[in-house]
Amino acid sequence: MLTRVPGLLFGGDYNPEQWPEEVWAEDARLMAEAGVNMATVAVFAWSRLEPRPGEYDFGWLDRVLDLLHAHGIAADLATATATPPPWLVRDHPEAMPVDAAGTRLEFGSRQGYCPSSPIYRAHAVRLARAMADRYGGHPALAMWHVGNEYADHTLECFCEESARHFRRWLTERHGDVAGLNAAWGTSCWGQHYTSIDQVNPPRKAPGPINPGQLLDWRRFCSDALLECFEAEKAVLRELTPDVPVTTNFMSLLPGLDYWRWAEAEDLVSDDAYPDPADPASHVATALSYDLMRSLKRRPWLLLESAPSAVSWREVNAPKPPGVMRLHSLQALAHGSDGVMFFQWRQAKYGPEKFHSALLPHGGTAARGWRDTLRLGDDLRNLHEIAGTGTDADVAIVFGWESLWGLEAPESMPSDRLRLKDLLLTWYRPLHERGVAVDLAPPGRDLSGYRLVIVPNLYLCTEEHAKALAAYGGRLIVGPFSGVVDAADQVHEGGAPGPLRDLLGVAVDEFWPLPDGETQSVRLVPGAVRPGTAEGGEPRLTARTWAEWVRVLDAEVVARYEGGELDGLPAITRKGGATYVSCLPEDVTPILDHALAETGVAPVAAVPPGVEATRRGGYLFLLNHTTEPARLALPAAGFDLLSRRRLDGEIVLAGRDAIVLRIEGEK
Ligand code: GLA
């Protein structure tokens, strides 16, 4: 059980402090009517709970929690520390964050705190303690929600306090100034320090900043916020040892190393806001959901999503009928044990007054309310899938340190190589084929997988390389991998550094392609599955990136064709390990070959736009198109949504879904 509530969770952020108390009874009644069983409460309520230093006003929250409990609704109770109140900021202006140019930010929004501020941390921990003292025994309490979307607005602060904290962190990491000088390569551009006290955060400087300094800064910022989370968690653990603690992640957020964060969480929760205006957004969403499931290798919780439009894009497209349901089912399909929303009642004021909600401005007469009721019914029908897991034969290796290194500004061969694009290059066709995928951090034991794909491992340590070599199975490594060590220093002999023996190649030069330019890649006949070679030699088109590769002891699978790299190896293979030195628009010939070779089977054969996943003995089929899709079920079963037995060939309506309890598999 993910929290103290059995089955699937359904509900959303509830901000009763924004409404007169007369409204609350209606809220609770309608929540119960819709089947809501959990509400996230008090996320931004610090200024209402502690209106003056150390003076608490819990009365209103007592009444809210009692009311929820009386209606059978549990609370994901926030520690309320996401936005410090005005008095704290006025008494301690130094607790507000400072940007890279040295401007101290003002009060008037949210997340106004310096992550390193001892004042912020002490007050946050004090409030968390007061909340746990007050509500630790409340029967509505199902889980703790610490902070909110760490790094959403405030990832970093460049103030003096942060500088001192950064120096302590650096001393711990590098030992002394000599260690730091060596790691950062400060002999370059005359940056040799004689004391760590001379080091500052990477504030605005005349030119590009030392990439070693930037990489450590990224690590530090992730760690500094994690310390904030852990400080509150320690208090909650002490006072309420049995109540699970989470903080809501933000999918593939670049700022925080969620592999590290997930270790500190009792359960992983995520906020996801795919853009309804983007017909392909469900693919990137599926990737981030698979990441969430992989972080702790067990069910997670979609803690926020939008019933329809958000309010923070330049243009905020609503979700057409059926899409809210489909997107919700997608989260379940990828291992979430519930569907929660931002927010319960649509706001009357503030920056989010046009953000959709489960209960829209138009009330129960509005079309959105029908969607809310329908989803409540669906979730009741799906109750039995809670807790089921996903078995994947394919792993994609991904780590934040490579992302940070790869995306450092103004010092790379090309700033067009983005790790998310690289991930999607491989993830998209796997997803289209209905192949289940786990994500794994660099260095993890991969022995359970039949196929491992490393779209990029720019930052590759000896340990990372050892884990890949120890895996020994079918492996595909993408371009610009094995380039630097943990300090962002180029490996001796150049790329792919510690992967050289495994891949059997050396990269002599990176050959980034200008925008709009393509590079043809010709597969060597016989190197791919015969079917893909029909009608002549298959060619791939690469964009963005290519490399001048020298083969050491690998076989050439494909060569560059035309241009300066004409005839040089583009894709190679040594034993089970393939190296792809470019970024093909379409990797399917390589992928299909690897899938066939390893016998990795899709969950179900699906037409384009239909997503197929498995959880335990349940098959999810989601039609993301607006057209009916015809497909053959791999097995007979009972559709939990339509409550019908299905078998053989079926037609799945546009934006509709099936969740099949497969016969004989339960
Ligand atoms: C995030 C925040 C919420 C709200 C939503 C709006 O998820 O956590 O408080 O602002 O965005 O989409």
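The values are calculated or read from the model by the stated rules, or taken from the named source; none is laboratory data. Keep in mind that this is a model prediction, so the values were computed, not measured. Here Cβ is always computed from backbone atoms with ideal geometry, including for glycine, and neighbour counts include all displayed protein chains. These area figures cover heavy atoms from the full protein model, side chains too; ligands, DNA and RNA do not enter into them. Shrake-Rupley method; radii C 1.70, N 1.55, O 1.52, S 1.80 Å.
For the condition crowded, with 18+ Cβ neighbours inside 10 Å and within 19 Å of the chain's Cα centre (by Cα), ALA436 qualifies. Remark: pairs (first residue in segment 80-94, closer than 18 Å to ALA130 by Cα and part of a helix (DSSP H, G or I); second residue away from the ligand (no atom under 16 Å from the Cβ) and open to solvent by 10 Å² or more (accessible area, probe 1.4 Å); Cβ separation under 6 Å; 6+ apart in sequence or on different chains) = LEU88/HIS123.
Output yes when any residue across segment 230-244 is touching a Lys or Arg at 6+ places or on another chain (Cβ under 9 Å), assigned to a helix (DSSP H, G or I), farther than 25 Å from GLY399 by Cα and open to solvent by 40 Å² or more (accessible area, probe 1.4 Å), and no when none is. Yes; the residues of segment 230-244 include at least one that is touching a Lys or Arg at 6+ places or on another chain (Cβ under 9 Å), assigned to a helix (DSSP H, G or I), farther than 25 Å from GLY399 by Cα and open to solvent by 40 Å² or more (accessible area, probe 1.4 Å). If you go through segment 118-148 and keep only what is part of a loop (DSSP other than H, G, I, E, B) and either at pLDDT below 95 or out of contact with any Asp or Glu (no Cβ under 6 Å at 6 or more places or on another chain) (or both), you end up with GLY136, GLY137, HIS138, PRO139, ALA140, GLY147, ASN148.
Residue-by-condition table, conditions (1) exposed (fewer than 15 other Cβ atoms within 10 Å of the Cβ); (2) outside any helix (DSSP H, G or I):
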residue	(1), (2)
HIS192	yes, yes
PRO201	no, yes
PRO206	yes, yes
ILE209	no, yes
LEU215	no, no
SER222	no, no
PRO254	no, yes
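Counting only helices (runs of 4 or more DSSP H) that sit completely within segment 414-524, those holding 2 or more residues that are at pLDDT 95 or above, farther than 29 Å from LEU253 by Cβ and out of contact with any Asp or Glu (no Cβ under 8 Å at 6 or more places or on another chain) correspond to 500-503. Scanning segment 340-352 for residues that are near the ligand (Cβ under 10 Å from one of its atoms) and among the aromatic types (Phe, Trp, Tyr) yields PHE341, PHE342. Annotation note: of VAL610, VAL580, the sole residue that is more than 29 Å from GLY387 (Cβ to Cβ) and open to solvent by less than 20 Å² (accessible area, probe 1.4 Å) is VAL580.
Which of the residues that make up segment 124-171 are of a type in the set (Ser, Thr, Tyr) and either under 12 Å from GLU232 (Cβ atoms) or more than 16 Å from the ligand (Cβ to nearest atom) (or both)? Hits for segment 124-171 are TYR135, TYR150, SER162, THR171. Being more than 18 Å from the chain's Cα centre (by Cα) and among the hydroxyl-bearing types (Ser, Thr, Tyr) holds for only one residue in SER305, SER269, SER311, SER222, and it is SER311.
When restricted to residues that are surrounded by 16 or more Cβ atoms within 10 Å (Cβ to Cβ) and within 29 Å of the chain's Cα centre (by Cα), segment 102-122 contains 11.
Take the conditions (1) under 29 Å from VAL484 (Cα atoms); (2) surrounded by fewer than 19 Cβ atoms within 10 Å (Cβ to Cβ); (3) not β-branched (Val, Ile, Thr); GLY387 misses just one of them, which is (1). Residues in segment 583-607 that are buried (at least 17 other Cβ atoms within 10 Å of the Cβ) and among the hydrophobic types (A, V, I, L, M, F, W, C): LEU583, VAL587, ILE590, LEU591, ALA594, LEU595, VAL600, VAL603, ALA604, VAL606.
Note on segment 61-79: residues that are open to solvent by 20 Å² or more (accessible area, probe 1.4 Å) and assigned to a helix (DSSP H, G or I) amount to 6. Scan segment 613-628 for residues that are of a type in the set (S, T, N, Q) and either assigned to a loop (DSSP other than H, G, I, E, B) or open to solvent by 30 Å² or more (accessible area, probe 1.4 Å) (or both) and report the count. The total comes to 2. Within segment 260-273, residues that are among the small types (Gly, Ala, Ser) sit with their Cβ atoms under 6 Å from residues that are crowded, with 20+ Cβ neighbours inside 10 Å and part of a loop (DSSP other than H, G, I, E, B), at 6+ positions apart or across chains, in these pairs: ALA262/VAL268; ALA272/SER305.
May I ask you to say which residue of ARG293, ARG260, ARG298 is open to solvent by 10 Å² or more (accessible area, probe 1.4 Å), away from the ligand (no atom under 16 Å from the Cβ) and in contact with a strand residue (DSSP E or B) (Cβ under 7 Å, 6 or more places away or on another chain)? So the residue among ARG293, ARG260, ARG298 that is open to solvent by 10 Å² or more (accessible area, probe 1.4 Å), away from the ligand (no atom under 16 Å from the Cβ) and in contact with a strand residue (DSSP E or B) (Cβ under 7 Å, 6 or more places away or on another chain) is ARG293.
Here is a yes/no grid of residues against (1) farther than 27 Å from ASP421 by Cβ; (2) surrounded by 20 or more Cβ atoms within 10 Å (Cβ to Cβ); (3) within 16 Å of the ligand (Cβ to nearest atom); (4) modelled with pLDDT under 95:
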{"position": "PRO279", "(1), (2), (3), (4)": "no, no, no, yes"}
{"position": "PRO307", "(1), (2), (3), (4)": "yes, yes, yes, no"}
{"position": "PRO321", "(1), (2), (3), (4)": "yes, no, no, no"}
{"position": "MET324", "(1), (2), (3), (4)": "yes, yes, yes, no"}
{"position": "PHE354", "(1), (2), (3), (4)": "yes, no, yes, no"}
{"position": "ASP377", "(1), (2), (3), (4)": "yes, no, no, no"}
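Screening LEU49, LEU105 for residues that are more than 16 Å from the ligand (Cβ to nearest atom) and in contact (Cβ under 8 Å) with a residue 12 or more places away in the chain leaves exactly one candidate, LEU49.
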